[in-house]
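As structure tokens, the structure follows; a few thoughts come after it.
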Amino acid sequence: MPVPTHSDGVAVWFDLSSTDPAAAADFYGRLFGWDHTEMDERFGGYSQFTHKGKLIAGLGPKPDPGMPDFWCTYFQTSDIEATVKTVAASGGSVFQDPMEIPEQGTMAIVMDPGGDPETGANPHGAVFGLWQPGQHTGFELHMETGAATYFELQTTGYTRAVEFYGEVLGNPVVSLGDTDEFRYSQLSLPDRAPGEGYAGIMDASGYLPSEVPSHWAIYIGTDNVDATVDKAVELGGAVVAAPEDTPYGRLATIGDPFGAMIKLQQVA
């Protein structure tokens with residue numbers, strides 16, 4: 001569905017830092033039917049994916065060749081300076097101070113506290129972005145084939161994450177389950193009912209490998225998860241989690257040819 005505007009505290013954009021942006025553009029273009037704009041050297045070779053003429057996501061080269069390829073999720077704020085201060089005051093870290101992108105908006109890159117404060121396990125937090133919009137107001141399609149359908153934090157520091165994101169994003173965090181088998185909360189909006197949140201926080205301490213840091217996962221809608229997984233493999237990608245039926249539809253996780261992971265959700 002078209003997205004005319006976004007609310008503060010919600011995920012409004014996501015972009016890929018890639019080893020080979022041109023090859024990544026080709027991979028995702030063939031996989032999801034995305035087009036992309038020309039890479040703009042004024043902005044470090046950054047370009048944007050589009051679908052049906054609407055903005056979907058961003059693409060650019062990795063800032064550090066030694067880092068893995070990854071998708072970054074950005075949350076909207078109308079006062080990025082204040083939000084960055086809240087990140088630091090709430091135990092998070094600031095990697096990139098607010099930086100204005102001429103006419104487009106202002107961005108910052110931060111990290112949540114991560115880890116288990118009692119055991120010290122998996123101390124690395126999840127990296128995410130903040131975006132104060134100017135002319136660029138975020139993705140323009142949501143909840144349909146070829147667009148983002150959901151954002152989900154996989155964390156080993158669940159309790160800290162619930163507190164942190166509630167403070168930083170300023171919206172309700174609603175618990176949907178609190179057992180060892182399923183400990184889950186949703187980031188919501190004041191006018192939303194429980195279960196109608198725009199993003200989730202999953203306790204991943206029981207299954208996330210020690211070498212894998214907490215991270216924000218992005219779901220992309222497809223009308224056939226199995227066929228999309230097969231297509232990803234055909235294009236040089238990999239199956240990270242095979243298709244399976246869940247209470248939230250048929251899901252899978254794939255990796256692109258350079259290791260960046262993205263989730264799939266069947267929406268048709």
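Numbers at a glance
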{"item": "Any hit, the stretch 132-141, residues being under 29 Å from residue 205 (Cβ atoms) and not hydroxyl-bearing (Ser, Thr, Tyr)", "result": "no"}
{"item": "Within the stretch 24-46, considering residues that are in contact with a Gly (Cβ under 8 Å, 6 or more places away or on another chain) and at pLDDT below 95, the one least open to solvent (accessible area, probe 1.4 Å)", "result": "45"}
{"item": "Candidates 49, 70, filtered to the one that is of a type in the set (A, V, I, L, M, F, W, C), open to solvent by 20 Å² or more (accessible area, probe 1.4 Å) and within 26 Å of residue 234 (Cα to Cα)", "result": "70"}
{"item": "Strands (runs of 3 or more DSSP E) completely within the stretch 195-248 that count 2 or more residues being open to solvent by 60 Å² or more (accessible area, probe 1.4 Å), in contact (Cβ under 8 Å) with a residue 12 or more places away in the chain and of a type in the set (Asp, Glu)", "result": "none"}
{"item": "Any hit, the stretch 135-158, residues being of a type in the set (Val, Ile, Thr), closer than 30 Å to residue 223 by Cβ and open to solvent by 50 Å² or more (accessible area, probe 1.4 Å)", "result": "yes"}
{"item": "Failed condition for residue 48, given (1) under 23 Å from residue 148 (Cβ atoms); (2) touching a residue at least 24 places away in the same chain (Cβ under 8 Å)", "result": "(2)"}
{"item": "Residue tally, condition crowded, with 23+ Cβ neighbours inside 10 Å and assigned to a strand (DSSP E or B), over the stretch 8-23", "result": "6"}
{"item": "Flag for residue 61 being closer than 24 Å to residue 140 by Cα and within 18 Å of the chain's Cα centre (by Cα)", "result": "yes"}
{"item": "Unmet criterion (only one of (1) at pLDDT 90 or above; (2) closer than 29 Å to residue 157 by Cβ) for residue 65", "result": "(1)"}
{"item": "Single match in 249, 259, 206, 197 (criterion: under 16 Å from the mean Cα position of the chain (by Cα) and over 26 Å from residue 60 (Cα atoms))", "result": "197"}
{"item": "Filter result (open to solvent by less than 40 Å² (accessible area, probe 1.4 Å) and within 19 Å of residue 25 (Cα to Cα)) within the stretch 249-262", "result": "253, 254, 255, 256, 260, 262"}
{"item": "Flag for residue 259 being in contact (Cβ under 8 Å) with a residue 40 or more places away in the chain, in contact with an Asp or Glu (Cβ under 7 Å, 6 or more places away or on another chain) and outside any loop (DSSP other than H, G, I, E, B)", "result": "no"}
{"item": "Failed condition for residue 264, given (1) touching a Pro at 6+ places or on another chain (Cβ under 9 Å); (2) among the hydrophobic types (A, V, I, L, M, F, W, C); (3) assigned to a strand (DSSP E or B); (4) touching a residue at least 60 places away in the same chain (Cβ under 8 Å)", "result": "(4)"}
{"item": "Search result, residues across the stretch 107-126 that are assigned to a loop (DSSP other than H, G, I, E, B), hydrophobic (A, V, I, L, M, F, W, C) and modelled with pLDDT of 60 or more", "result": "126"}
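The values are calculated or read from the model by the stated rules, or taken from the named source; none is laboratory data. This is a predicted model, so every value here is computed, not measured. Note: ideal-geometry Cβ built from the backbone for every residue, glycine included; neighbour counts use all protein chains shown. Quick note on the areas: whole protein, heavy atoms, side chains included, nothing else; ligands and nucleic acids left out. Shrake-Rupley method; radii C 1.70, N 1.55, O 1.52, S 1.80 Å.
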